[in-house]
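Participant: One structure coming up, written as structure tokens, with questions to follow.
The values are calculated or read from the model by the stated rules, or taken from the named source; none is laboratory data. This one's a predicted model, so the numbers in the text were calculated from it and none came from an experiment. Counting neighbours? That spans all protein chains shown, and the Cβs are built from the backbone with ideal geometry, glycine included. Heavy atoms of the whole protein, side chains included, go into the accessibility calculation; ligands, DNA and RNA do not. Shrake-Rupley method; radii C 1.70, N 1.55, O 1.52, S 1.80 Å.
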Amino acid sequence: MIKVDLHIHTRYSGDSDITFEQLVERCQKLGLGAVAITDHGTADGALSMACQPAPFKIIVGEEVASSEGEIIGLFLKESIPNGLSPEETIRRIRAQEGLVCIPHPFDRYRSSAMKGTSLERIAEHVDIIEVFNSRTIQMQNLKLPEEFAIRNKLLVGAGSDAHSIADIGRAYVTIPNFENRHEFLRSMAQAQIYGKRPSMATYFRSLLRQIRKRFRRKQ
């Protein structure tokens, strides 16, 4: 069995500053066997990192902002633009033989989270529901994602949604080792979920990083 963090952001996201070197060092320390790089609106970072030698597997992903909420594509070959309908976003993921994962569903404190009506409409086209996200605030019904996954017979996943080095590995799944997309799907049927909830400091760090990056771009 290996530990896999299915939701990590890097410096290619506007609100993260994690470099490849930092990612490798942190994942080795935590004993992660694989990670999914899911930057906002681009797969470029994941594609670049996947070409570099690392002591663990890198799944090329992207967190795409559809018109009705965020959708993660896994095992992608190229970026998918933001702003498309959920159905078109999923179609483009499938065109690359990618997998569809819904991050932090039903989260009422995130405007980017996909909500009930949209989720019900696309449920049959989804592979994985993220039932544990380490940045999800507890003051809401945290059972909704798991109940949705059970009702629709979907695989369950977990990710740290890391935007800083310290956040990597705060949520992950343990699954049998895999070599490709097909083996990954089979392994995910045995996924066990592990994770820690965030402190308010996590949100303040992320906000500060976002402000700093915006300031640097203006200079």
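Participant: Quick check on this structure: which one of Val156, Val126, Val173 is open to solvent by 30 Å² or more (accessible area, probe 1.4 Å), closer than 17 Å to Leu74 by Cα and aliphatic (A, V, I, L, M)?
Facilitator: Residue meeting the stated conditions: Val156.
Participant: Can you give me the number of residues within region 103-123 that are under 16 Å from the mean Cα position of the chain (by Cα), without any contact (Cβ under 8 Å) to a residue 40 or more places away in the chain and open to solvent by less than 30 Å² (accessible area, probe 1.4 Å)? Walk me through how you get there before you give the answer.
Facilitator: From region 103-123, those under 16 Å from the mean Cα position of the chain (by Cα) are 103-107, 110, 112-114; that's our starting set.
Those still in the list that are without any contact (Cβ under 8 Å) to a residue 40 or more places away in the chain too: 107, 110.
Then drop every residue that is not open to solvent by less than 30 Å² (accessible area, probe 1.4 Å), which leaves 107.
Selection size over region 103-123: 1.
Participant: Do we find a residue being modelled with pLDDT of 95 or more, open to solvent by less than 60 Å² (accessible area, probe 1.4 Å) and not aromatic (Phe, Trp, Tyr) anywhere in region 130-143?
Facilitator: Yes, that holds for at least one residue.
Participant: Also, quick follow-up: Looking at the structure I just gave you, is Arg91 in contact (Cβ under 8 Å) with a residue 40 or more places away in the chain and part of a helix (DSSP H, G or I)?
Facilitator: The answer is no for Arg91.
Participant: Starting from region 50-78, take each residue that is open to solvent by less than 40 Å² (accessible area, probe 1.4 Å) and list its partners that are at pLDDT below 95 and part of a loop (DSSP other than H, G, I, E, B), counting only C-beta distances under 6 angstrom and pairs at least six apart or across chains.
Facilitator: Correct list of pairs: Gly69/Ala113; Gly69/Met114; Glu70/Ser112.
Participant: Arg26 fails exactly one of the following numbered conditions: (1) open to solvent by less than 50 Å² (accessible area, probe 1.4 Å); (2) on the phi < 0 side of the Ramachandran plot. What is the number of that condition?
Facilitator: (1)
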